[in-house]
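What follows is a set of notes on a single structure, which appears directly below.
The values are calculated or read from the model by the stated rules, or taken from the named source; none is laboratory data. Please read these numbers as outputs of a predicted model, since none were measured by experiment. Counting neighbours? That spans all protein chains shown, and the Cβs are built from the backbone with ideal geometry, glycine included. With ligands, DNA and RNA removed, areas are computed over all heavy atoms of the protein, side chains included. Shrake-Rupley method; radii C 1.70, N 1.55, O 1.52, S 1.80 Å.
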Amino acid sequence: MPGRIYITTPLYYVNAEPHLGSTYTNVVCDSFARFHRQRGEDTFLLTGTDEHGEKIAEAARSAGISPQEFVAGVSSTFRSVWDSVGIGYDHFIRTSDPHHVRFVQDVLTRIHASGDIYFGAYSGLYCVGCERLYTERELVDGLCPQHLTKPVDVSEPNYFFRMEKYQDQVRAHIEANPDFIRPDGYRSEALAMLREPIGDLCISRPKSRLEWGIEMPFDDGYVTYVWFDALLNYVSGLEARGRREDLWPVASHFIGKDILKTHAVFWPTMLLAAGYPLYRHLNVHGFWTSGGQKMSKSLGNVVKPLELRDTYGMDAVRYYLLREMAFGNDADFTEQALITRINADLANGLGNLASRTLAMMHKYFAGEVQPLDPRTTDDDDLAEAFARARRDLDTHVNALAFHRGLEAVWRALDAANKYIVTTAPFTLAKDPAQLPRVGAILHGCLESLRVSAQLLAPFLPDTAERLRAALGLDEARFADLGLTWGAAFPTGHRIGQPVSLFPRVETAAGAAKVGSGGKTGGSTAIERRS
Ligand code: ME8
């Protein structure tokens, strides 16, 4: 029976536009979704925007427009950026959607009726950037560790959710299910949080102070705390599409480490109180930094995805993001490292194999595929290199080690480039008697390109599509991951024209290209050589 998977990104705050951090999460989710879809699984990807709360109300105020108008504008920017960079989501949810608002109010009504919501006194240190309270112990030198700002002292009567009642159950579930939160370091962090008293969760804000939110269904003097509202999107988004029953049990959330506590502690307790099963996986990644500091909208040191796409092409950006960051750890963004990856891996590794193979096919055989025989052990080794790449890719991607998965494909690509050097078809071709062997070698190279394109399709979709067209394969055949080596190209099959997949990027030494919040943006010093 084909499997099923429901993949979610965080719902991004609409206080500013998408940047490299949110782009990374969405590229990972999009690649993971394409990977599962390609393997025949029923796959659903949800993304969207988080639109309520103090942080958004403040952003709207400083923009001088109503919150409604403000969130509509930024949410549509998010949507259009994801569309322009090729994020293939199945549903885009806004927490201001009427369906979501009703869903949140229904859940609140149920939890209230069951006795898990009570009215009490609230006080503590609140970070508006994070939209949550901090304990003294979590602060660093009295400041929020994410935003480096001083939290505000809040004290007011509010509604509370009996979160602590579910603490032991959540901890037991995490202990019994080692892959519930991954990688492992974040599981340990979550367990450490759950070994301390977690207290109950304040889930309302008085309208006298904040009007921008979902009204509490049992008290019109209050709105719902933004996290209690936003987390429920993961279920309401499915319900809006009639897919809650079949997809909720296979939910796989992707988040950055900044929102571990809300997803590992708040969210499971809410699900238990609301009577829903727990999600299947919480997948947590690290931060992209710039000069060692977290890249963030609030700190203003961000890189914009559209600028990167326009300069380098989206597949190059996707490759860099997936290859450079070990999922779970932090990574520092530098444009020089991106350029190095483009030149070394994409232009030399993959691009070179494609242009050499296709050019020789046209030069020696007018683009017509020759039989795969006569073969030697070099050919068997090449086929085995790609079979191994396929196995390793699957293992690593299932373990979220995207960088290792890509590395495995590049090991096979290196083997293919070495195969060309070792077998030297350009030398053999000088002797007409050797042309059948030259044809067999180039057939092996075409198979290398075909398998690479299939394996890379989830990660570099545009490149895979260009390779498919250049190889002259129809979509149905290209979609078949079960094709054996030698089965894709019948003798006489005509390939398309040579392509230049990734032109090398030449830069003037040390010049900064794509701006980082406008601070280091200099003149563009990039030249492309095809
Ligand atoms: O937290 N490196 O929204 P948000 C890597 N609305 N990833 C980063 C990053 C960085 N420097 N900066 C941001 C919220 N991200 C809530 C979520 S979910 C129900 C509500 C990514 O706009 C990463 O995925 O602050 C992080 O968790 C998320 O953006 C935070 O987005």
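Some values worked out for this structure:
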| read-out | value |
| --- | --- |
| Selected residue (criterion: nearest to residue 46 (Cα to Cα)) from residues of segment 6-18 that are open to solvent by 20 Å² or more (accessible area, probe 1.4 Å) and more than 7 Å from the ligand (Cβ to nearest atom) | 17 |
| Set 270, 295, 325, 314: member being under 23 Å from residue 247 (Cβ atoms), open to solvent by less than 30 Å² (accessible area, probe 1.4 Å) and either within 13 Å of the ligand (Cβ to nearest atom) or not assigned by TED's automatic domain parsing to the domain that holds residue 342 (or both) | 270 |
| Of residues in segment 280-292 being more than 9 Å from the ligand (Cβ to nearest atom) and in contact (Cβ under 8 Å) with a residue 60 or more places away in the chain, the one nearest to residue 402 (Cα to Cα) | 283 |
| Residue match in segment 411-429 (condition: in contact with a helix residue (DSSP H, G or I) (Cβ under 6 Å, 6 or more places away or on another chain) and within 30 Å of residue 283 (Cβ to Cβ)) | yes |
| Which listed residue, of 317, 303, 265, is touching a residue at least 12 places away in the same chain (Cβ under 8 Å), of a type outside the set (D, E, K, R) and not in a helix (DSSP H, G or I) | 303 |
| Test: residue 41 is charged (D, E, K, R), open to solvent by 10 Å² or more (accessible area, probe 1.4 Å) and within 16 Å of the ligand (Cβ to nearest atom) | no |
| Filter result (hydrophobic (A, V, I, L, M, F, W, C), free of Cβ contacts under 8 Å to residues at least 40 places away in the same chain, over 30 Å from residue 321 (Cβ atoms) and assigned to a helix (DSSP H, G or I)) within segment 404-440 | 421, 428, 433 |
| Residue match in segment 199-209 (condition: touching a helix residue (DSSP H, G or I) at 6+ places or on another chain (Cβ under 9 Å), at pLDDT 95 or above, open to solvent by 20 Å² or more (accessible area, probe 1.4 Å) and assigned to a helix (DSSP H, G or I)) | no |
| Every residue from segment 470-490 that is open to solvent by 50 Å² or more (accessible area, probe 1.4 Å), without any contact (Cβ under 8 Å) to a residue 40 or more places away in the chain and touching a helix residue (DSSP H, G or I) at 6+ places or on another chain (Cβ under 7 Å) | none |
| Test: residue in segment 20-30 that is more than 9 Å from the ligand (Cβ to nearest atom), surrounded by fewer than 22 Cβ atoms within 10 Å (Cβ to Cβ) and touching a residue at least 12 places away in the same chain (Cβ under 8 Å) | no |
| Close pairs (7 angstrom Cβ cut-off, 6 or more residues apart or separate chains): in the same structural domain as residue 100 (by TED's automatic domain parsing) and assigned to a strand (DSSP E or B) in segment 239-252, among the aliphatic types (A, V, I, L, M) and open to solvent by less than 10 Å² (accessible area, probe 1.4 Å) anywhere | 252/7 |
| Residue satisfying condition, being within 16 Å of the ligand (Cβ to nearest atom), among the small types (Gly, Ala, Ser) and touching a helix residue (DSSP H, G or I) at 6+ places or on another chain (Cβ under 7 Å), within set 331, 354, 389 | 331 |
| Yes/no for residue 178 being assigned by TED's automatic domain parsing to the domain that holds residue 15, within 16 Å of the ligand (Cβ to nearest atom), free of Cβ contacts under 8 Å to residues at least 60 places away in the same chain and surrounded by fewer than 15 Cβ atoms within 10 Å (Cβ to Cβ) | no |
| Per-region count, segment 377-395, residues under 34 Å from the mean Cα position of the chain (by Cα) and crowded, with 18+ Cβ neighbours inside 10 Å | 7 |
| Count - residues of segment 118-143 that are within 20 Å of residue 297 (Cβ to Cβ) and small (Gly, Ala, Ser) | 1 |
| Failed condition for residue 255, given (1) within 23 Å of the chain's Cα centre (by Cα); (2) at pLDDT 95 or above; (3) more than 11 Å from the ligand (Cβ to nearest atom); (4) outside any helix (DSSP H, G or I) | (3) |
| Within segment 53-99, tally of residues that are among the polar types (S, T, N, Q), part of a helix (DSSP H, G or I) and either without any contact (Cβ under 8 Å) to a residue 60 or more places away in the chain or open to solvent by 30 Å² or more (accessible area, probe 1.4 Å) (or both) | 6 |
| Boolean, residue 306 is open to solvent by 10 Å² or more (accessible area, probe 1.4 Å), within 15 Å of residue 21 (Cβ to Cβ) and within 16 Å of the ligand (Cβ to nearest atom) | no |
| Subset of segment 364-398 (residues that are among the polar types (S, T, N, Q) and assigned to a helix (DSSP H, G or I)) | 377, 395, 398 |
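Yes/no per residue for (1) in contact with a His (Cβ under 8 Å, 6 or more places away or on another chain); (2) among the hydrophobic types (A, V, I, L, M, F, W, C); (3) at pLDDT below 95; (4) outside the structural domain of residue 296 (by TED's automatic domain parsing):
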{"position": "33", "(1), (2), (3), (4)": "no, yes, no, no"}
{"position": "44", "(1), (2), (3), (4)": "yes, yes, no, no"}
{"position": "55", "(1), (2), (3), (4)": "no, no, yes, no"}
{"position": "72", "(1), (2), (3), (4)": "no, yes, no, no"}
{"position": "93", "(1), (2), (3), (4)": "yes, yes, no, no"}
{"position": "96", "(1), (2), (3), (4)": "yes, no, no, no"}
{"position": "102", "(1), (2), (3), (4)": "no, no, no, no"}
{"position": "107", "(1), (2), (3), (4)": "no, yes, no, no"}
{"position": "110", "(1), (2), (3), (4)": "no, no, no, no"}
